[in-house]
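**Student:** First the structure, then my questions, so here it is.
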Ligand SMILES: [Zn+2]
């Protein structure tokens, strides 16, 4: 079984001390490749360096939380980072109306700027949308965005339908393992077409709540992806091996990786 973790924040300080061991454990658990998420210009640069050093892949983008820090240098800097052969997507970018760390006009402006950059470079988009539907779908529709994945999808049936209608891929995390707030995803998982589904840990965040024992400091890591795979397979009534093969195929097709 070979899986691709399409979203792991491996530049996070939580991995500062033992990244080589984390990557070894991922390999040992069948996670054959990882796409390291870039969330700011500086972190995207580090993500590309990590990808280069360890044979991984990376995204280059600015998370909506940090939209207020963007300036005239942001897009040229992302364009430069995205030229790296291991940078396979733009993002994560999008809208977050849950935390609202950046004003909505800033979020929209820099989301659109990154959408346009992705179109210019012909790269797929790693999309973050939290409590921002339907605005997020509206922007994607108006700009006729290319290939995109709704990373860490946590929305409802209406939001799922809107994203599927826009041709988006859907990224599922360990949120589905959360008996308090992820139960609706268990019901929705089978509504996602088999050729649009991607799996991710969002490490070090979103440690599956039903993982026993819970890891030290509750840090999530890519080695937990098979646990998420099994939860999604259960929800869809599929064999984990078949779902592993399908989601890996999808990740390869989406990011254009071998
Ligand atoms: Zn996100």
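**Student:** Is at least one residue of the stretch 82-93 within 18 Å of the chain's Cα centre (by Cα) and exposed (fewer than 14 other Cβ atoms within 10 Å of the Cβ)?
**Tutor:** Among the residues of the stretch 82-93, not one is within 18 Å of the chain's Cα centre (by Cα) and exposed (fewer than 14 other Cβ atoms within 10 Å of the Cβ), which makes the answer no.
**Student:** Considering only the stretch 7-36, how many residues are under 15 Å from the mean Cα position of the chain (by Cα), closer than 13 Å to residue 223 by Cα and either modelled with pLDDT under 95 or within 16 Å of the ligand (Cβ to nearest atom) (or both)?
**Tutor:** Matching residues across the stretch 7-36 total 4.
**Student:** List the residue pairs whose Cβ atoms are under 8 Å apart, where the first residue sits in the stretch 229-251 and is assigned to a loop (DSSP other than H, G, I, E, B), the second is buried (at least 16 other Cβ atoms within 10 Å of the Cβ), and the two are 6 or more positions apart or on different chains.
**Tutor:** Close Cβ pairs satisfying both conditions: 239/233.
**Student:** Please find, among 136, 70, the residue that is surrounded by 16 or more Cβ atoms within 10 Å (Cβ to Cβ) and either within 16 Å of the ligand (Cβ to nearest atom) or under 26 Å from residue 251 (Cα atoms) (or both). Write out each step before concluding.
**Tutor:** Working: 70 fails: either within 16 Å of the ligand (Cβ to nearest atom) or under 26 Å from residue 251 (Cα atoms) (or both).
Exactly one residue qualifies, and that residue is 136.
**Student:** Collect the residues in the stretch 90-123 that are away from the ligand (no atom under 13 Å from the Cβ), touching a helix residue (DSSP H, G or I) at 6+ places or on another chain (Cβ under 6 Å) and closer than 20 Å to residue 251 by Cα, keeping them in residue-number order.
**Tutor:** 90, 121
**Student:** Next up: For the condition within 16 Å of residue 41 (Cβ to Cβ), in a strand (DSSP E or B) and in contact with a strand residue (DSSP E or B) (Cβ under 9 Å, 6 or more places away or on another chain), what is the one hit in 117, 90?
**Tutor:** Details: 117 fails: in a strand (DSSP E or B).
One residue alone meets the criteria, 90.
**Student:** Still on this structure: Give just the number: which of (1) surrounded by 15 or more Cβ atoms within 10 Å (Cβ to Cβ); (2) over 27 Å from residue 182 (Cα atoms); (3) over 15 Å from the mean Cα position of the chain (by Cα) does residue 57 not satisfy?
**Tutor:** Condition (3) is where residue 57 drops out.
The values are calculated or read from the model by the stated rules, or taken from the named source; none is laboratory data. Since this is a predicted model, take the numbers as computed values, not measurements. A quick note on method: Cβ atoms are made from the backbone with ideal geometry, for glycine too, and the neighbour counts reach across all protein chains shown.
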